[in-house]
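Take a look at the structure set out below.
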Amino acid sequence: QKEVEQNSGPLSVPEGAIASLNCTYSDRGSQSFFWYRQYSGKSPELIMFIYSNGDKEDGRFTAQLNKASQYVSLLIRDSQPSDSATYLCALTPGKEAGTALIFGKGTTLSVSS
Amino acid sequence: GAVVSQHPSWVICKSGTSVKIECRSLDFQATTMFWYRQFPKQSLMLMATSNEGSKATYEQGVEKDKFLINHASLTLSTLTVTSAHPEDSSFYICSASGSFSYEQYFGPGTRLTVT
């Protein structure tokens with residue numbers, strides 16, 4: 001059973017702080033990793049993807065991947081109240097494009113002003 | 001970024017009737033589309049995967065005769081909920097991916113209420 005584990009939270013951080021969201025996975029063959037943000041009542045929105053070990057930065061977001069330790073994380077710098085949402089970690093189980101993503105259950109982030 | 005639309009955004013129907021939901025990729029060719037269902041405060045649940053021109057592959061426990069999926073073109077997939085019942089009331093979301101990418105882009109979702 002390929003699994004993606006996330007702490008459900010809620011993770012509470014003050015405005016301006018760094019929010020750190022973590023995800024671990026069980027299948028070493030996983031190739032591609034994604035972070036989606038889902039606001040309450042809305043559909044998920046892709047915010048980052050990472051395929052190689054190391055860090056990938058995009059604005060206030062940094063994704064970190066460590067395949068040896070089987071974890072992927074998302075850092076949100078200068079957190080804003082508008083970042084309050086559920087963050088879903090997802091991965092592809094293999095190398096073939098068009099394969100259904102495996103999602104974690106999500107971590108709820110709450111940023112207080 | 002890639003854009004996926006869904007129509008309608010919300011629908012109310014009477015028990016026993018059928019409802020069709022459309023999912024369109026607006027600026028890329030979606031060789032694969034996925035249909036999800038999400039109940040309040042619960043995780044996404046994958047219902048089926050469809051490839052253009054092929055029959056959909058349904059997840060275990062999803063009734064293929066109740067949830068009819070058609071992926072007739074590279075930009076359009078439809079989900080028809082047949083003989084809807086109140087327990088089918090949910091948030092239905094599609095996503096799409098191209099042939100050479102792993103990313104999936106979600107539509108805005110359709111909220112179905114069956115009375």
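For B:Phe106, B:Phe39, A:Phe33, write out the residues from largest to smallest accessible area, computed with a 1.4 angstrom probe and no ligands counted.
B:Phe39, B:Phe106, A:Phe33
Taking the solvent-accessible surface of protein heavy atoms with a 1.4 Å probe, what is the per residue accessible area of segment A:1-109 in Å²?
Result: 47 Å² per residue.
Within chain B, how many Lys pairs that are eight or more residues apart, or on different chains, come under 18 Å at the alpha-carbon?
6
Which of B:Ile93, B:Ile21, B:Ile12 moves most in a GNM of chain B, Cα contacts under 10 Å?
B:Ile12
Given a 1.4 Å probe and heavy atoms of the protein chains only, how would you sort B:Tyr58, A:Tyr87, largest accessible area at the top?
Putting B:Tyr58, A:Tyr87 in descending order of accessible area: B:Tyr58, A:Tyr87.
Magnitude of the Cβ-charge dipole of the protein assembly as shown, K/R +1 and D/E -1, about the Cα centre, nearest 20 debye?
Working: 19 positive and 20 negative charges, 65 e Å.
Approximately 320 debye in magnitude.
Quick check: net charge around B:Ile69, other residues with Cβ under 13 Å of its Cβ, Lys/Arg +1 and Asp/Glu -1?
Numbers: positive: B:Lys20, B:Arg37, B:Lys55, B:Lys64, B:Lys66; negative: B:Glu22, B:Glu52, B:Glu59, B:Glu63, B:Asp65.
Counting the neighbours of B:Ile69, the net charge comes to 0.
Work from the charge dipole of the protein assembly as shown (Cβ charges, +1 for Lys and Arg, -1 for Asp and Glu, about the Cα centre) and give the residue of B:Ala2, A:Gly9, B:Ser15 farthest towards its positive end.
Checking the options against the dipole of the protein assembly as shown, the answer is B:Ser15.
Any idea what the relative contact order of chain B is, in percent, if you count C-alpha pairs under 8 Å spaced at least 6 apart?
37
Under 12 Å from the Cβ of B:Ala30, count the other residues' Cβ atoms, weight Lys and Arg +1, Asp and Glu -1, and hand me the total.
Here the charged neighbours net out to -2.
Which is farthest toward the positive dipole end of chain A among A:Val72, A:Tyr87, A:Gly98, measuring Cα position about the Cα centre, with Cβ charges +1 (Lys, Arg) and -1 (Asp, Glu)?
About the Cα centre, the residue reaching furthest to the positive side is A:Gly98.
Roughly how large, in nm² to one decimal, is the mean projection of the convex hull of the alpha-carbon atoms in chain A?
Orientation-averaged projected area of the Cα hull: 6.8 nm².
What are the residues of segment B:84-110 that lose 40 Å² or more of accessible area, with a 1.4 Å probe, going from their chain alone to all protein chains?
B:Tyr102, B:Glu103, B:Gln104, B:Phe106
With a 1.4 Å probe, how much accessible area is buried between chains A and B, both sides summed, in Å² to the nearest hundred?
Buried: approximately 1500 Å² between B and A.
Let me know the charge dipole size of chain A about its Cα centre in debye, to the nearest 20, where only the beta-carbon of Lys, Arg (+1) and Asp, Glu (-1) is charged.
The dipole of chain A has a size of about 200 debye.
From the P(r) of segment B:42-93, could you give the percentage of C-alpha pairs in the tail past 11 Å?
72
Rounded to the nearest percent, how much of the accessible area of the protein assembly as shown (1.4 Å probe, protein heavy atoms only) is carbon and sulfur?
C and S atoms contribute 49 percent here.
Once you list every other residue whose beta carbon is under 12 Å from the beta carbon of B:Ser5, what net charge do they have if Lys and Arg are +1 and Asp and Glu are -1? It would help to have the intermediate numbers written out before the result.
Working: positive: B:Arg24; negative: B:Glu22, B:Asp27.
With Lys, Arg at +1 and Asp, Glu at -1, the neighbours total -1.
Please list, by residue number, every one of the GluC sites (Glu not before Pro) in segment A:1-71 that is coil in DSSP and has at most 11 other beta-carbon atoms within 10 Å.
Here the sparse-neighbourhood loop sites are A:Glu3.
The values are calculated or read from the model by the stated rules, or taken from the named source; none is laboratory data. In this text, all values refer to a predicted model and were calculated from it rather than measured experimentally. Quick reminder, even Gly has a Cβ in these numbers, built from the backbone with ideal geometry, and neighbours come from all protein chains shown. These area figures cover heavy atoms from the full protein model, side chains too; ligands, DNA and RNA do not enter into them. Shrake-Rupley method; radii C 1.70, N 1.55, O 1.52, S 1.80 Å.
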